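All remarks here apply to the structure that follows.
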Amino acid sequence: MIQFSCTEIIEVDLNEGEKRIVIEAKIIDTLERSDGTYAYVKISETNSYFNANRPQVVSNAEVSIYDNKGEKTSLLFSNGLYIPATPLAKPTNGSSFTLEVKYNGQRYVASNKLTTFSGLDSLSYSYKPKDALFEEGYYSKLFAKEDGSKENYYRFYFRRVNNQIDSLYDIIAITDDNLVNGGYLDFEIGIPTQQGDRVYGTMASISKEEYNYLYNLNKQVNNPGGPFANQPENLPGNISNGALGFFGVSQVSTRYVDIR
Amino acid sequence: MKRILTTLLLFLLWAHSYGQKTLPKFTVTGLVKDAKTGEELIGSSVYVKETKQGVTTNTYGFYSLSLPEGVYTLQVTYLGYVTHTQSLNLKADLRIDIKLEEQKSQLNEVVVKENKTNKNINETKMSTVSVDIKEVKKIPILMGEVDIVKAVQLMPGVQSAGDGSTNMIVRGGNIDQNLILLDEAIVYNPSHAVGFFSVFNGDVIKDFELYKGGIPSSFGGRSSSVMDVRMRDGNNNKFGVSGGIGVLSSRLTVEGPIQKEKSSFIISGRRTYFDLFLKMSPDENINQNTAGFYDLNAKANFTLSQKDRLYVSGYFGRDNIAVANVLQNGWGNQTATLRWNHIYTKKLFSNVTLIYSRFDYGFGLDIPSQSFNYKAEIANKSIKADYTYYVNPKNTIRFGSWITQHSFQPGELKPTGDNSILQYNKLDKQAALEQAYYVSHKVDLSSRLTTEYGVRFSAFNNIGADNKTYRFSADGLDILDTNVRRTGSFYGFVAGIEPRLNVKYSVNSTSSLKLSYNRMRQYLHMISPVTASTGQDMWIPSSPNIKPQIADQIAVGYFKNIGVFEASVETYYKYMQNVIDLRDNSNAILLNKTIEREVRQGKGHAYGVEFLVKKPSGKTTGWASYTLAKSDRQIDGVNQGKTYPFRFDRRHNINLVISHNFNERISLSANWIFASGEAVTFPTARYEYEGRVVPQFSNRNEFRMPSYHRADLSLTVNRKKQEGKVYKNESSWVFSIYNVYGRKNAYSITFREEKAPLKDADGNIVKDDFGKEKYYYTGKTEAVKTYLFSFVPSVTYNFKF
């Protein structure tokens, strides 16, 4: 049937949506480091759909994070992001955080909780010849012991360094623990690498809400369109007062391997 | 069971004994058949001139009339056949089988006018659609593939779910709300080839009728419509072979008598050869692909005695799509029907049927580390008993029962090969028992007023199959507790009454007013993650978490015959409860153990008015229709609980269908279709998250697709068999063009970020280490229209000898 289908770029008259605030906020705790709790908040505005300009960055908002003891940390704007003025204390399993953004007389609030995990065990690689879906090359695989006592959601990041070219794997890779609960989890990265590359694999433990947000982000950003299209839907954000975006709290664990 | 029916019958006999007069009455019964093939003619009219009473033959061509002693003239008419007149002197019960001769050539308009039966005006039923199969064959259709579903979609109140799709939207109802029956067996998915062709092979279909409303109590189980399709019985006079060669597929039918004039068989097969062309391609990327379908229909009937007939029929069809020998997708329907017709007395006609039907689909991937096979299926085994009691010409009583066992295998993933990293995963099997009992009474209250009222009682039980069931929190998102249902244990009982009513009032000899009401209960629900018919339909039963769907529909119509034209206007209102949809931001439904968590149920409304003018016979035939309709949904958890237009809510629909026979050899047909665009969700803004451009959408289905319209043409050239001439066989060429003026009707409009090849400073395209061109997202967003069929010519050659 592919033979009969054609596409063309068309003009569509879309009603101009009202400008809304978009907040991308993350607290990321590195499992392997005691001082490694990082946070950033990025605030921007929506554009009309066919406006190709980068979104307007909001630089004059008042941004703070509260931990579960009510301790407030202010975030300051620099280089397009809001960064904590003082480092955040290392959180534990179940630690909750609240984000507060004040802008233009409006207040936007979001909360999320940390789910810890036992981290990555190892990162290995193996050579594969070309097959129908994949190029030949060295493919890396992450291994981790899954915690059977909790409902867990994970995200994977992958970075490849080759002759000073540093590239980040562009796909949002997430999974729940339905299939492996309590077992051994392995995740193969579908990107071929070569001898001489250094490959970094990162696994993050994210909340159920963030998993749902990213799952739907994937669905909408990679919507195949046509008869196989997903229902166009807005993402299930967790920020109050009509702000778009998400406030996530996660723990990450990273390993690397040199391909020889 | 038998006792219940007997009791029911006795009650009805008592209730309607007032209709019986003391005058001695005799009964004349019989079958109305095609003189040439011996096939029974369904719905032919048997009219008594003297008493001005008439009956129509049932789906087995059987009629029964009770009259006082006397001399009568019977007039038997059927569209496209020569009217048969027979006088009889009724002194005792009589059996008269009538053979009707097919009209040799199209009649002139005067004869047509005289020959009119005014059946559309006189019969009680309304909101039905049927198109003579001979007319269906003339309608220009996509790639010349004769399709009754495509013909039905040209009628008011019936819409196609997208360009070329055989999925039907009937009066604003969902796709899964259509009961599709082939020789009484449920066809779960009527589509071939991603929905562009239906499973019904035009060569083997005898007759069909679609009920959009006023559904008789003998049907149930789906809430919007019933499409009742019957296979041909085969010629019981003469052995014959017929077939056709088209652009898409070839067909071959063999039929003939088993015992002359008593029993016959028919076998018909159809196969596409698209895949053979693909294999011939020298390009490896193409020759490793396959796409196609085949199906096989078979039927035999046996006359055991004057009172007993046996029918066996079956359908088997399959679709296969494979990409690069790596990705496979396939689905298929299978049905089997065994029926026994028995005439107990001259007045009591019975039909007992055993039915099996099954639908399965699967897909698989064959790459070294991730090979798997996925499959799912739904099946049912049923026993059905239907009785018609012809009390007298003014009173007919129908009653019966239907008991079915449903079984579901919602999904199973099997890793294949030794080194697949995937794990075996399977959803629990499920089973259910559905039963229904119905009765209806058709009575002529006066010479003008006729009513058929009835009631259906249906009940549904889940049956344990060692499956887990869940109880969810009020918001339907969290599991509160889990239960294991022992094999054979019953749970989740639901039942209800479904009243049905049809009333006809004859205003005069050429016009009537009709009214109907029906309540339908539906216990099976289909969830499809995508809109195309890829066969990935997930059927789920009603359960403690999923309520049965209920639809109430009221319709009023005015029917008028003006000369050779039949005109009607019908208006309807339908209220649907517990309609199903996926909730906002739902999870994947495949292999989802708690799929019930992903669906929500709510209300739906549909209403509209349908105008139709039809010219059923003569040299020029055809119809024109206009429909004005609206359909919406309100479901908590979908579109944040706000009311939204139904996806296939099309406001206006115009159909023009015309066919002209120039002479016995040449006929020309044309269609024109106009439909308002369907309801869609478009983005109204964009933003960035993690550097990705994310669309922000309108409310659900707030926008409209551009209007759809197209014209089709077809030319049929016949070479008729002529006695004593050299031609031994009949043959015809059908040339057709779909979408003559090549309109690029939007199949979908999608929005995406523009992707462009990455170039270096010198303007050369950058390639990665593996030689693949690198792309980047430009940040510019664009709207992309996909259109499918613009100007598709085709030719089909049909033969018969």
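Rule-based calculations on the coordinates, nothing more; no lab input. Keep in mind that what you see is a predicted model, and the values were worked out from it rather than measured. Cβ placement follows ideal geometry from the backbone for every residue including glycine, while neighbour counts extend to all protein chains displayed.
The table below lists the values:
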| quantity | calculated |
| --- | --- |
| Inter-probe distance in nm under a simple model that places probes 7 Å from Cα toward Cβ, at A:Ser78 and A:Ile9 | 4.1 |
| Cβ-derived FRET efficiency at R0 22 Å, B:Val254 paired with B:Ala35, nearest 0.05 | 0.55 |
| Other protein chain Cβ atoms within 10 Å, averaged over every residue that makes up A:8-19 | 5 |
| Entries of B:Lys33/B:Lys137; B:Lys99/B:Lys442; B:Lys212/B:Lys442; B:Lys119/B:Lys299 with Cα pairs more than 23 Å apart | B:Lys99/B:Lys442; B:Lys119/B:Lys299 |
| Taking B:Tyr491, A:Tyr82 and counting other C-beta atoms within 10 Å, the order from fewest to most | B:Tyr491, A:Tyr82 |
| Average beta-carbon neighbours from other chains, 10 Å sphere, peptide A:40-46 | 2 |
| Computed log₁₀ I(q)/I(0) - Debye formula, equal Cα scatterers, no solvent, the protein assembly as shown, q 0.05, 0.09 Å⁻¹ | -0.38, -1.10 |
| Proximal aspartates and glutamates to A:Lys145, defined as alpha-carbon separation beneath 14 angstrom and excluding residues fewer than eight positions away on the same chain | A:Asp121, A:Asp176, A:Asp177, A:Asp186 |
| Likely footprinting exposure, B:Ile258, A:Ile191, fewest C-beta neighbours within 10 Å first | B:Ile258, A:Ile191 |
| Total charge dipole magnitude, chain A, about the Cα centre, Cβ charges on Lys, Arg, Asp, Glu only, Debye to nearest 20 | 640 |
| Dipole of the protein assembly as shown, positive end: most advanced residue of B:Asn333, B:Ile749, B:Val734 [Cβ charges, Cα centre] | B:Val734 |
| Number of partner chain Cβ atoms within 10 Å, mean per residue of B:585-598 | 2 |
| Estimated FRET transfer efficiency when R0 is 25 angstrom, pair B:Val352-B:Val82 (beta carbons, to 0.05) | 0.15 |
| Lys, Arg +1 and Asp, Glu -1 on Cβ, resulting dipole of the range B:484-632 about Cα centre, debye, nearest 20 | 300 |
| Cut-off under 5 Å, modelled amide H: who pairs with B:Lys394 long-range | none |
| Degrees between helix B:2-15 axis and first principal axis of chain B (Cα, 0 to 90, nearest 10) | 50 |
| Selection of GluC sites (Glu not before Pro), the range A:99-163, meeting DSSP coil and at most 15 other Cβ within 10 Å | A:Glu136, A:Glu151 |
| All Cα pairs of the range A:84-145, percent lying beyond 18 Å | 67 |
| Unsatisfied cross-links (Cα-Cα over 18 Å) in the set A:Lys130/A:Lys219; B:Lys52/B:Lys346; B:Lys134/B:Lys614; A:Lys19/A:Lys219 | A:Lys130/A:Lys219; B:Lys52/B:Lys346; A:Lys19/A:Lys219 |
| Calculated [θ] (222 nm, deg cm²/dmol) that DSSP helices of n ≥ 4 give over the protein assembly as shown, each run adding -39,500 (n - 2.57) | -1500 deg cm²/dmol |
| Cα-centre dipole for the protein assembly as shown with unit charges at Cβ (Lys and Arg positive, Asp and Glu negative), debye to 20 | 4320 |
| Karplus-derived 3J(HN,Hα), 6.51/-1.76/1.60, for each residue of the range A:53-59, Hz, glycine and proline x | 5, 4, x, 5, 7, 8, 10 |
| Length-normalised contact order of chain B in % [C-alpha pairs under 8 Å, at least 6 apart] | 10 |
| For B:Trp623, B:Trp733, order by how many other beta-carbon atoms lie within 10 Å, fewest first | B:Trp733, B:Trp623 |
| Farthest positive-ward along the protein assembly as shown dipole, Cα basis, beta-carbon charges - from B:Ser440, B:Pro68, B:Tyr558 | B:Pro68 |
| Loop-resident sites, the range B:418-459, for chymotrypsin sites (Phe, Trp or Tyr not before Pro), counting at most 12 other Cβ within 10 Å (DSSP) | B:Tyr424 |
| Alpha-carbon centroids, the range B:616-695 and the range A:85-113: separation in whole Å | 49 |
| Positive-pole candidate from B:Leu365, B:Thr27, B:Trp672, dipole of chain B, charges at beta carbon | B:Thr27 |
| Chain B: C-alpha pair distances exceeding 52 Å, % | 15 |
| C-alpha center-to-center spacing [the range B:176-222, the range A:198-247] in angstrom | 40 |
| Efficiency of FRET from Cβ geometry, A:Asp258 and A:Val57, R₀ 45 Å, rounded to 0.05 | 0.75 |
| Spread of Cα-to-Cα distances over 5 Å intervals beginning at zero, given as percent, for the range B:155-294 | 2, 9, 14, 16, 16, 14, 12, 10, 5, 2, 1, 0 |
